[in-house]
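Rule-based calculations on the coordinates, nothing more; no lab input. All figures in this text were calculated on a predicted structure; none of them were measured in a lab. Cβ placement follows ideal geometry from the backbone for every residue including glycine, while neighbour counts extend to all protein chains displayed.
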Amino acid sequence: MNEPICIEPPRVDEYFHYYHQYISKAPNSDFLQVFEDQVRQLRNQLGNLPDDQVNCLHPPYTWTFKQVIGHLIDVERIFSYRMLRIASGDQTPIPGYEQDSYVSNSDYQTVSMSSLLDELEHLRMANVLLVRRLSSEALQRLGVASGHTTSARANLFILAGHVEHHAEIIKRRLDGVSH
């Protein structure tokens, strides 16, 4: 078993204010364990839903559950890439991305929810392993992404808070659907 590591939340000067909505939802205690467990919780929420549920839009939402998981996969890749580059001291500015293009140009209809959750889980586990080998100094390094100064650990906390944000929306959707 790996020894627990303490990861302090980023300071507000380590990220663009827009991302506070996600960072504020990230766990402050036992961060890495909660970070690792988030995908299992999503699997519990969505893993046993029938295809007609995971492929359905629930107004006013604009993405199906599969598209939401696909979006989480994209963000996991993009923000972990940012975290790695910044932690490694790469000072090359990292461009932004357009999330809606990723979702609208991907075929989630023909992929099973189980496969999407597997993909997200593998990405998350790779990120847990990455974080375990990064030093505290590396996590605090600053770089530029989407035109704003950000730290490697801010990107880590954005990943955690972003999943929490969508898990809350998924719960609301499921509660609304079941009534």
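If you go through the range 53-71 one residue at a time, do you hit one that is touching a residue at least 60 places away in the same chain (Cβ under 8 Å), of a type in the set (A, V, I, L, M) and within 19 Å of residue 158 (Cβ to Cβ)? The answer is yes; a qualifying residue exists. Taking the criterion of being in a helix (DSSP H, G or I) and small (Gly, Ala, Ser), the residues of the range 108-161 that qualify are 114, 115, 126, 136, 138, 152, 154, 160, 161. Reported count of residues in the range 15-43, each being farther than 16 Å from residue 125 by Cα, of a type in the set (A, V, I, L, M, F, W, C) and either part of a helix (DSSP H, G or I) or within 13 Å of the chain's Cα centre (by Cα) (or both), is 2.
Of all residues in the range 149-161, those that are basic (Lys, Arg) have Cβ atoms under 7 Å from Cβ atoms of residues that are outside any helix (DSSP H, G or I), 6 or more apart or on another chain, in 153/7; 153/10. Being outside any helix (DSSP H, G or I) and small (Gly, Ala, Ser) is the filter here; which residues of the range 162-179 pass it? Matches in the range 162-179: 178 only.
If you filter the range 44-89 down to residues that are in a helix (DSSP H, G or I) and touching a Gly at 6+ places or on another chain (Cβ under 9 Å), you find that the one that is surrounded by the fewest Cβ atoms within 10 Å (Cβ to Cβ) is 85.
Yes or no: residue 101 without any contact (Cβ under 8 Å) to a residue 12 or more places away in the chain and among the polar types (S, T, N, Q)? Considered against the rule, which asks whether it is without any contact (Cβ under 8 Å) to a residue 12 or more places away in the chain and among the polar types (S, T, N, Q), residue 101 comes out as yes.
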